[in-house]
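The values are calculated or read from the model by the stated rules, or taken from the named source; none is laboratory data. For clarity, every value in this text was computed on a predicted model and none was experimentally measured. Virtual Cβ from ideal backbone geometry, glycine too; neighbours counted across all protein chains shown.
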Amino acid sequence: MGDLIGKSVKRVEDNRFLKGEGKYTDDFNMQHQTFAVYVRSPHAHANLVSVDISAAKAMAGVISVFTGKDIKDAGIVGSICGWQVDFKNGDTMKEPGHPILAFDKVRHVGDAVALVIAEDLGTAVDAASAVEVNYEVLDAIVDPKAAVQDGAPQVHDDVPNNTIFDWELGNKEETDAAFENAHHITELSYHNQKIVPNAIEPRAALAHFDSNDDKYTLYTTSQNPHLARLIIAAFVLSIPEHKLRVIAPDVGGGFGSKIFTYNDECGVLWASKQIGRPVKWTADRTEAFLTDCHGRDHVTDAKLALDAEGNITGLRTKTYASLGAYLSNFSTCIPTWLHGTLMQGLYTTPAVHVDVTGVVTNTVPVDAVRGAGRPEASFCVERLVETAAREIGMDPAEFRLKNFIPPFDGVEQEGYQTQVALQYDSGNYEGALKKVLKNANYEKLKEERAAARSDGKLMGIGFSTYVEACGIAPSAVVGSLGARVGLYDAASIRVHPTGKVTIFVGAHSHGQGHETTFAQIVADSFGIGMDDVDVLHGDTEKVPFGMGTYGSRSLAVCGSAIMKSIDKVKEKGARIAAHKLECNPEDLEFANGSWNVKGTEKSVGFGDVALTAYVPHDYPVNEEPGLDFASFYDPTNFVYPFGAHICVVEIDKDTGEVNIVRYIAVDDAGNIINPMIVEGQVHGGIAHGIGQALYEGALYDDSGQLLNASMLDYCIPRADNMPFFETDHTITPCPHNPLGVKGIGEAGTIASTPAVVNAVMDALTDYGVKDLQMPLTPQRVWAAMQQAK
Amino acid sequence: MKVSMTVNGTAYEHDVEPRVLLVQHLRDNMGLTGTHVGCDTSSCGACTILVNGETVKSCTLLAVQCEGAEIKTIEGMATNGELHPIQESFREKHGLQCGFCTPGMVMSSWQLLDRNPKPSEHEIRHAIEGNFCRCTGYHNIVKAVQDAATKL
């Protein structure tokens, strides 16, 4: 390795963004382009009596108006669910269809009923308001626990009791026994509320059909263009895959919401062929609230069993997880395999049982939002653990240290087999907690808290320690669990004749800084400059079939594919170098940008070998010209980052406002390529989790209206809500991938929500408040304080 | 309606529908796509630009309200390809990730530092509270503005 890995190299992608020269989907335009607007239901649940498009169609500048009937008659189905989670009794998961445009019934506010296409956006908007839809409004169901009751409104006729699946993991008998024998039981019942992703760039699509070669092109806001192409071509529009090119250019944040293949993008792609012109659609923010998949929405009862010495002996949860009105691509795996499997936490809990019922409701579909299942798990475990420690009068840090899984590196010591399917790869949980205690100066913090309280101030200290599973994922494993895709990634390396390099990667960068991190790996490995490497991503016609960016997988999975291609270049390069140096390849070692004959001064440079590969005059026999390799990497396990966070809050007694005074984090994501980028990911992740704890939440009324479907009404964390974050790390390498890396994109979010809530509960100790529902708004906190008085 | 304005030093005249927003006019009629649209309630600040030296969310103004205005957008911040010191500080301090909020964030930071060359952390956070960022947790954005304040 050279000297670039581990350095905070400034980002190579920044210049274009700073100058306003980034190119996002809505920045692209095509000749003869038209504009699309969807007509959306204002009702959460209604029969469609009629859709009258005649007035809209007659308007000047309107090109076409499509209804659900048009799309149904064309035999086009909507987007699909990519993960099958069956019932406990073996019955197949219920899988209601999700038409691109509703034709019989609408099932959430925002469900699309017509697609209007016009010469300009203003005309399309006008025409959309001229579409007359007659609805027969039905009772709606919003609460996932109430949805399974007999007599609840039925979202889909073919889904009795709105139940898509029921699912369990762990050992029920042993867990029951643990609770029967428990010395102390801690119980929490809560709603891990529905949150709206709110990437600042709304979703958009620019679709074009070229009749000359029967080929579609779709520019779109995607975290995974190849997956989008696969779903659209093979499942939604039934077109040959090679006749669809999906381009995800610069993308303004995803946070999960741009993983999925949405019906809206499919609809404009289909329409572009019908009208023979390009179609552009860009969501406005209200549409984003009503159509971007939401996250969380778990109604949970959770219990923790302890023995007399304060050892955790059992954990049991029952969760009703809303999937929204339709099954989004990965909706079913989030509350199950990405949630239940993390219920071991970092503890030696010998008996765990997780029970989840997945239900449909008349709300916006639910799928992955930053963390996806794992924040729900860490919230559950860490709230239970902290509450239990408080109940038995033990310091929460001490309680954790007592119950932690001892350190294991996955090499000398085996990985840790949990009670809930996973085998953690490596971890040193006490190392992270001890470091954060030191960085926070916990002893002094406790003194400050005591002093503050004696001054009548409400100061609280909250902990959260987490382990998560990311680097998604070993294909065979996820396949056995119901995934309908593989989850490898891919990277090609093209060494050019002059020794410059272009790499083509399946992971898509929408803020993560791949163009820098991946270039660092390549430049470092070949001993060349950062300027000598270009990173291409986001275009199915250029990059190999990789699965994209989510689940904190880019470096662990795509980075490993890059390493495989680097190794192939080095191996072939060594054969060419050996020919030039008249030695055996085994006599060579690669260092500082050249192949050197061990123990001599003889060497040949990377650029010389590259040139020779493309001008193969004096060349090894039977060796192909060129230096260009593709690799796929399928991980052998998930990776398991972990960490320990401390949040310090002060509550304004008069208003109930929670102020975060300090936030101290120690994360372990294995080896680090670019510390600056890693810290940036941690900051953003923490802020997202603080958002859920204090500010965010989709508010539905009983009729299924989303009451806060705008950035005015839905509280996104602002600069003046956030503190500076005190970040640090420990390094426990991943034992099973070539870079020894884990993942860091979601860790902050997984950690921070329970840390903040635990801190607030600590601050409210004297009021006897044991639990409060998120978000912990001033109103809720103040009301709880008044009630306690 | 006819409307003329000077944007980043170049004079433009267009015939626009009265309902066209200034941000749409910049993006669609002038091709200045560095100014972004992130919401429809003037909340997110991605469309922040300078109109006659004052920061304005360009989704709150109609194009026709800007007759004769002097406008500066993110495309006008760099000089001869050289980043403005504020832009440079955002790069130095990793004050951007996906880049979508960045143009508006840079413009709001410019306004702050123009009015208050040595802002406190609190003043910085207050000044950019109308610009949403979902990626950075604002940590490095505030650091970037602090850094820029030492350069200007």
> If you go through the stretch A:150-169 one residue at a time, do you hit one that is more than 25 Å from A:Leu327 (Cβ to Cβ) and either part of a strand (DSSP E or B) or not polar (S, T, N, Q) (or both)?
Replying inline: no
>> If I filter the stretch A:255-272 for residues that are of a type in the set (Lys, Arg) and away from chain B (no Cβ under 14 Å), do I get at least one hit?
In response: no
> Filter the stretch B:37-75 for residues that are in contact with a Gly (Cβ under 8 Å, 6 or more places away or on another chain) and of a type in the set (Asp, Glu); which is surrounded by the fewest Cβ atoms within 10 Å (Cβ to Cβ)?
Replying inline: B:Glu70
>> Taking the criterion of being surrounded by fewer than 22 Cβ atoms within 10 Å (Cβ to Cβ) and closer than 28 Å to A:Glu287 by Cβ, would at least one residue in the stretch A:174-182 satisfy it?
In response: no
> In the stretch A:731-754, is there at least one residue being surrounded by fewer than 20 Cβ atoms within 10 Å (Cβ to Cβ), in contact with a Pro (Cβ under 7 Å, 6 or more places away or on another chain) and touching a residue at least 24 places away in the same chain (Cβ under 8 Å)?
Replying inline: yes
> (1) assigned to a strand (DSSP E or B); (2) farther than 15 Å from A:Leu206 by Cβ; (3) aromatic (Phe, Trp, Tyr): which one isn't true of A:Phe260, the others all being true?
Replying inline: (1)
>> Which of the numbered conditions does A:Val51 fail, given that it passes all the others? Conditions: (1) over 20 Å from A:Thr286 (Cβ atoms); (2) of a type in the set (A, V, I, L, M); (3) in a loop (DSSP other than H, G, I, E, B).
In response: (3)
> Looking only at the stretch A:716-728, which residues are under 22 Å from the mean Cα position of the chain (by Cα) and assigned to a strand (DSSP E or B)?
Replying inline: A:Phe725, A:Thr727
> Taking A:Asp713, is it within 14 Å of another protein chain (Cβ to nearest Cβ), free of Cβ contacts under 8 Å to residues at least 24 places away in the same chain and not in a helix (DSSP H, G or I)?
Replying inline: yes
> Which condition breaks for B:Ile71 when tested against (1) within 13 Å of the chain's Cα centre (by Cα); (2) farther than 14 Å from A:Lys19 by Cα; (3) part of a loop (DSSP other than H, G, I, E, B)?
Replying inline: (3)
>> Given the criterion buried (at least 20 other Cβ atoms within 10 Å of the Cβ), at pLDDT 95 or above and not aliphatic (A, V, I, L, M), identify the matching residue among A:Asp70, A:Asp91, A:Asp86.
In response: A:Asp70
>> Suppose the filter is within 14 Å of chain B (Cβ to nearest Cβ) and either in contact with a Lys or Arg (Cβ under 6 Å, 6 or more places away or on another chain) or over 21 Å from A:Gly551 (Cα atoms) (or both); does A:Leu290 pass it?
In response: yes
> Taking A:Asp70, is it assigned by TED's automatic domain parsing to the domain that holds A:Phe103, part of a helix (DSSP H, G or I) and touching a residue at least 12 places away in the same chain (Cβ under 8 Å)?
Replying inline: yes
>> I need the full set of residues from the stretch B:97-147 which are within 7 Å of chain A (Cβ to nearest Cβ), in contact with an Asp or Glu (Cβ under 7 Å, 6 or more places away or on another chain) and farther than 17 Å from A:Gly252 by Cβ, in order please.
In response: B:Arg125, B:His126, B:Glu129, B:Val142
> Which residue out of A:Ile677, A:Ile744 is within 23 Å of the chain's Cα centre (by Cα), in a loop (DSSP other than H, G, I, E, B), in the same structural domain as A:Met343 (by TED's automatic domain parsing) and over 30 Å from A:Asp143 (Cβ atoms)?
Replying inline: A:Ile744
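For (1) out of contact with any helix residue (DSSP H, G or I) (no Cβ under 7 Å at 6 or more places or on another chain); (2) of a type outside the set (Val, Ile, Thr), each residue gets a yes or a no:
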position: B:Asn52; (1), (2): yes, yes
position: B:Gly68; (1), (2): yes, yes
position: B:Ile71; (1), (2): yes, no
position: B:Thr79; (1), (2): yes, no
position: B:Arg91; (1), (2): no, yes
position: B:Glu121; (1), (2): no, yes
> Restricting attention to the stretch A:405-447, and to residues there that are outside any helix (DSSP H, G or I) and more than 23 Å from A:Thr341 (Cα to Cα), which single residue is modelled with the highest pLDDT?
Replying inline: A:Asn441
